[in-house]
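Report on one structure; see the data block that follows.
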Amino acid sequence: MLNLVHESKTRNKDSILKIIQEYLPLIKKYKRKLHYEDGENDLIEKLIHILYDLPELKEEDISKYIATSIKHQYIYLSKKYYATKNKEFLTNEFNHYCTIEDPLLLKLAIEQLTEKQKKIILYKYVYGYKIKEISHMMKLSRQSVYKHQKQAYETLKKWILN
């Protein structure tokens, strides 16, 4: 493996392909968990960057380093995908009730929320945080965050429908 890594740093295509083949089962595992088509390509691209930037390591540490780096990229892509899906969900839900072409309407609707509800909606749908993360940041229970989110959603829906 050490020789393959050294050859891959010189951009040797055969060495890079052999290493990709070695880690393909792990990449496919994370690709299935990502739930989007280009997940495998994104992970392979990251693997290639890992190989180019790999620090000098012992033979026994190389595999662990590469596997951990692939896992971290999976986590990063998963959070990025989750945040994008939440934004799409919010936009699609409110497009059902009003056109977002009228941003004033949405702004007026959001002004109807309490400060906690505004923060929760912002954290969840704009920044992509999970309920557990929001509860930790706001020092509230998960149930409380969920309740405020649900109330905010109902308030927005009622206000837009009227």
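The values are calculated or read from the model by the stated rules, or taken from the named source; none is laboratory data. As the structure is a prediction and not an experimental result, all values here were calculated from the model. Every residue, glycine as well, gets a Cβ built from its backbone with ideal geometry; the counts of neighbours run over all protein chains shown. Calculation scope for accessible area: heavy atoms of the full protein, side chains included, ligands and nucleic acids excluded. Shrake-Rupley method; radii C 1.70, N 1.55, O 1.52, S 1.80 Å.
Quickly run through the stretch 121-137 and pick out the residues that are modelled with pLDDT of 90 or more, open to solvent by less than 40 Å² (accessible area, probe 1.4 Å) and farther than 19 Å from SER78 by Cα.
Matches in the stretch 121-137: SER135 only.
Test LEU43 against the criterion of being out of contact with any helix residue (DSSP H, G or I) (no Cβ under 8 Å at 6 or more places or on another chain) and either over 16 Å from ILE70 (Cβ atoms) or part of a helix (DSSP H, G or I) (or both), and give yes or no.
no
If a residue must be polar (S, T, N, Q) and either exposed (fewer than 13 other Cβ atoms within 10 Å of the Cβ) or on the phi > 0 side of the Ramachandran plot (or both), how many such residues does the stretch 138-162 contain?
Selection size over the stretch 138-162: 3.
Among (1) open to solvent by 40 Å² or more (accessible area, probe 1.4 Å); (2) touching a helix residue (DSSP H, G or I) at 6+ places or on another chain (Cβ under 9 Å); (3) not β-branched (Val, Ile, Thr), where does GLU56 come up short?
(2)
Just the residues that are in a helix (DSSP H, G or I) and polar (S, T, N, Q), please, taken from the stretch 106-159.
Hits for the stretch 106-159 are GLN117, SER135, GLN143, SER144, GLN149, GLN151, THR155.
For the list (1) assigned to a helix (DSSP H, G or I); (2) modelled with pLDDT of 80 or more; (3) open to solvent by 40 Å² or more (accessible area, probe 1.4 Å), I need the number of the one condition that LEU24 fails.
LEU24 satisfies every listed condition except (3).
Only one of these conditions is not met by LYS64: (1) open to solvent by 40 Å² or more (accessible area, probe 1.4 Å); (2) free of Cβ contacts under 8 Å to residues at least 24 places away in the same chain; (3) within 20 Å of the chain's Cα centre (by Cα). Which number is it?
Condition not satisfied by LYS64: (3).
Out of everything in the stretch 83-113 that is open to solvent by 70 Å² or more (accessible area, probe 1.4 Å) and of a type in the set (S, T, N, Q), what residue ends up being modelled with the lowest pLDDT?
THR99
Name the residues in the stretch 1-21 that are open to solvent by 80 Å² or more (accessible area, probe 1.4 Å), in contact with a Leu (Cβ under 9 Å, 6 or more places away or on another chain) and not in a helix (DSSP H, G or I), would you?
none
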